[in-house]
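Asker: Have a look at the structure that comes next, please.
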Amino acid sequence: MAFELPSLSYAHDALEPHIDARTMEIHHGKHHAGYTAKLNAAISGTDLEGQDIVSILKTCDMNNKALRNNGGGYYNHDLFWQVMGPDGGGNPDGALAEAIDSAFGSFEAFKEAFSTAAKTQFGSGWAWLCVQPDGTLEVCATANQDNPLMPGIGCGGTPILGLDVWEHAYYLNYQNRRPDYVSAFFNVINWAEVSARFQAAK
Ligand code: MN3
């Protein structure tokens, strides 16, 4: 069974002015669709066909560039769309807020750590907030379409929040101003979704 491009749960313009509609159209409809099609091509006829994407990533042969890049691209964007939303922003609450305070000292300190990871990732990549098996939180950044589910990548935890810092994610609206895009991202984070992922992962 082939992977399908997941549909967005909100309109292309729903995240404006923080993320513009044209970027969303191209990012979801072209880039994510491309990773999905190439992932299907990479697993076609192999014993990976029919496996779920997390299993595929956890056992990924990192020398298989088509699988690594497109499996990561498929998963990363699926997570990215879901951890954003038109009613996003603000602060997390409950157990996630407590875990953030425990790991980073405060929400502001977490925001600083995550933003620094996103801004200083050289070239294309992602910034992540991850849960370790003992329930503690960690921030890391990874290159290209890698993510911490893959063997030996990043902090090794389960990602519950991710930010795409490839230029295709922000260039139309922000050009070279990645820090402004990173700052705007905090206005669209769907903390309810991140909390659900935190509960599921720990
Ligand atoms: Mn992207």
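Asker: Give the number of residues within the stretch 117-145 that are within 23 Å of residue 195 (Cα to Cα) and over 10 Å from the mean Cα position of the chain (by Cα).
Answerer: Total meeting the criteria: 15.
Asker: Look at the stretch 170-188 and say how many of its residues are surrounded by fewer than 21 Cβ atoms within 10 Å (Cβ to Cβ) and either hydrophobic (A, V, I, L, M, F, W, C) or under 11 Å from the mean Cα position of the chain (by Cα) (or both).
Answerer: Adding up the residues that qualify gives 4.
Asker: What are the pairs, 6+ residues apart or on separate chains, where a residue within the stretch 31-57 that is within 19 Å of residue 81 (Cα to Cα) and within 15 Å of the ligand (Cβ to nearest atom) has its Cβ under 8 Å from a residue that is open to solvent by 50 Å² or more (accessible area, probe 1.4 Å) and assigned to a loop (DSSP other than H, G, I, E, B)?
Answerer: Once the first residue is within 19 Å of residue 81 (Cα to Cα) and within 15 Å of the ligand (Cβ to nearest atom) and sits in the stretch 31-57, its partners that are open to solvent by 50 Å² or more (accessible area, probe 1.4 Å) and assigned to a loop (DSSP other than H, G, I, E, B) give 32/5; 33/5; 36/4; 36/5.
Asker: Let me ask you something else. Residue 96 is checked against (1) in contact (Cβ under 8 Å) with a residue 60 or more places away in the chain; (2) more than 16 Å from the ligand (Cβ to nearest atom); (3) in a loop (DSSP other than H, G, I, E, B) and fails just one. What number does that condition carry?
Answerer: (3)
Asker: Pick from 87, 101, 61: which is in a helix (DSSP H, G or I), open to solvent by 50 Å² or more (accessible area, probe 1.4 Å) and more than 16 Å from the ligand (Cβ to nearest atom)?
Answerer: On the way: 87 fails: in a helix (DSSP H, G or I); 61 fails: in a helix (DSSP H, G or I).
Going through 87, 101, 61 in turn, the sole match is 101.
Asker: Could you list, in sequence order, the residues of the stretch 144-169 that are aliphatic (A, V, I, L, M) and either open to solvent by 40 Å² or more (accessible area, probe 1.4 Å) or within 13 Å of the ligand (Cβ to nearest atom) (or both)?
Answerer: Within the stretch 144-169, 163, 165, 169 meet the criteria.
Asker: Scan the stretch 9-17 and tell me whether some residue there is out of contact with any strand residue (DSSP E or B) (no Cβ under 6 Å at 6 or more places or on another chain) and more than 27 Å from residue 186 (Cβ to Cβ).
Answerer: no
Asker: Here's a follow-up. Any residue in the stretch 5-14 that is at pLDDT 95 or above and under 21 Å from residue 158 (Cα atoms)?
Answerer: Checking the stretch 5-14: at least one residue is at pLDDT 95 or above and under 21 Å from residue 158 (Cα atoms).
The values are calculated or read from the model by the stated rules, or taken from the named source; none is laboratory data. In this text the structure is predicted, and so the values were computed from the model without any measurement. Reconstructed Cβ throughout: ideal geometry from the backbone, glycine too, with neighbour counts over all protein chains shown. When the accessible area is computed, the model is the full protein with side chains, heavy atoms only, and any ligands, DNA or RNA have been set aside. Shrake-Rupley method; radii C 1.70, N 1.55, O 1.52, S 1.80 Å.
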